[in-house]
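The values are calculated or read from the model by the stated rules, or taken from the named source; none is laboratory data. Values in this document were obtained by computation on a predicted structure and should not be read as measured data. Please note: Cβ atoms are built from the backbone with ideal geometry, for glycine as well, and neighbour counts cover all protein chains shown.
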Amino acid sequence: MNKLLVLILITFSSVFAFSQNELTHEVYFDTDKYDVPNTEENRLLLFISTLNDIDIESISIFGFCDDRGADTYNLILSQQRADAIKAIFANNEISETLITNVDGKGEILLKIVEEENLLKIRGLNRKVEIIVKPKPPKPKVVKILKEKTPKDKDVVDLIKESAKGDKILFKNILFKTGYPTVTSDSKKTLESIAKALLERDDIYFTIQGHVCCTQFSRDAVNRKTKKRNLSEARAKYVYDYFAKKGIDKKRMRHLGLRRKFPLGGDPQFDRRVEILITYVGNQAK
């Protein structure tokens, strides 16, 4: 039985050669659409969650269409698809500075395919391809330290000396990308801060949560709940932690400040919590 063969000029894979260390992911779209389907967004969020412990050098995002539209239409639609994926990365605290390419390539170019598979192949062409390139591993350096100073000492001292109106940045309390929970290295520091706040039972404060990398001053998406309230969730996480350690809830309130106050440095330091001393006096009975 003769089958119609469709010849497309060149494959995308022949244009780009990727190393084994690079991570790739593909997101598929409905015909003539650039809104990300729910199932595809969930798959993408799972992929983003695997990047938490990776030191990323660059991210490339390439959008494609099937062969049915005009060239101009396909270029616009493929760019819209790439932009939609970039927005999801930003909303989930992936810094835009890491995204080096966001390109709509138009119609994807395939190998020869059989007619009976053409509809399926076209569906696979309506996609965005994401390529994550990790930084090369750094050489290990062995350092001999005569004396080790606790990382949380400066924060604890600031709490002991704090006055009304002071804002204290928890420098060493770092949060997991897209989540309201702190990294494992941060837990001991958080415990030291709680002890210092227990000793200074005369201060009242607001816990302010922040996020990094989102577009404009929006809040980021909390991957745990899928709600766009990550800065509030981070403040609430610290609030609950302090409460469990015995700090009176009457002394505390929590507030999410979205991405209104970026620090301008490494994005990980914008995934932060600060406390603002609002009152100094005798503890309420």
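A search for C-beta distances below 6 Å between a residue of segment 223-251 that is without any contact (Cβ under 8 Å) to a residue 60 or more places away in the chain and any residue that is assigned to a helix (DSSP H, G or I) and surrounded by 20 or more Cβ atoms within 10 Å (Cβ to Cβ), counting only pairs 6+ apart in sequence or on different chains, returns ILE247/LEU197. The residue list ARG218, ARG253, ARG200 contains one member that is under 28 Å from GLU96 (Cα atoms) and among the charged types (D, E, K, R), which is ARG218. Residues in segment 249-259 that are surrounded by 14 or more Cβ atoms within 10 Å (Cβ to Cβ) and not small (Gly, Ala, Ser): ARG251, MET252, ARG253, HIS254, LEU255, LEU257, ARG258, ARG259. Taking the residues in segment 43-72 that are surrounded by 12 or more Cβ atoms within 10 Å (Cβ to Cβ) and part of a helix (DSSP H, G or I) as candidates, determine which candidate is modelled with the lowest pLDDT. Among them, the one singled out is SER49.
Identify the residue in segment 195-244 that is of a type in the set (S, T, N, Q) and farther than 19 Å from ILE168 by Cα and, among all such residues, is modelled with the lowest pLDDT. Don't jump to the end; show me each part of the working.
Keep residues of segment 195-244 that are of a type in the set (S, T, N, Q), which gives 206, 208, 214-215, 217, 222, 225, 229, 231.
Applying the additional criterion that residues be farther than 19 Å from ILE168 by Cα yields 214-215, 217, 222, 225, 229.
On the way: THR214: 84, GLN215: 77, SER217: 84, ASN222: 90, THR225: 89, ASN229: 94.
Filtering first and then ranking leaves GLN215.
Restricted to segment 117-146, and to residues that are more than 26 Å from THR39 (Cα to Cα) and surrounded by 11 or more Cβ atoms within 10 Å (Cβ to Cβ), which residue is modelled with the highest pLDDT? Let's see the steps before the verdict.
Going residue by residue through segment 117-146, those that are more than 26 Å from THR39 (Cα to Cα) are 134-146.
After this cut, where a residue has to be surrounded by 11 or more Cβ atoms within 10 Å (Cβ to Cβ) as well, the list is 134-135.
On the way: PRO134: 92, LYS135: 88.
If we take residues in segment 117-146 being more than 26 Å from THR39 (Cα to Cα) and surrounded by 11 or more Cβ atoms within 10 Å (Cβ to Cβ), then PRO134 is modelled with the highest pLDDT.
Kindly provide the set of residues from segment 158-189 that are assigned to a helix (DSSP H, G or I) and within 20 Å of LYS249 (Cβ to Cβ), ordered by number. Hit for segment 158-189 is ILE159, nothing else.
Looking only at segment 74-102, residues that are under 18 Å from LEU124 (Cα atoms) and either surrounded by fewer than 20 Cβ atoms within 10 Å (Cβ to Cβ) or among the aliphatic types (A, V, I, L, M) (or both) come to 7 in all.
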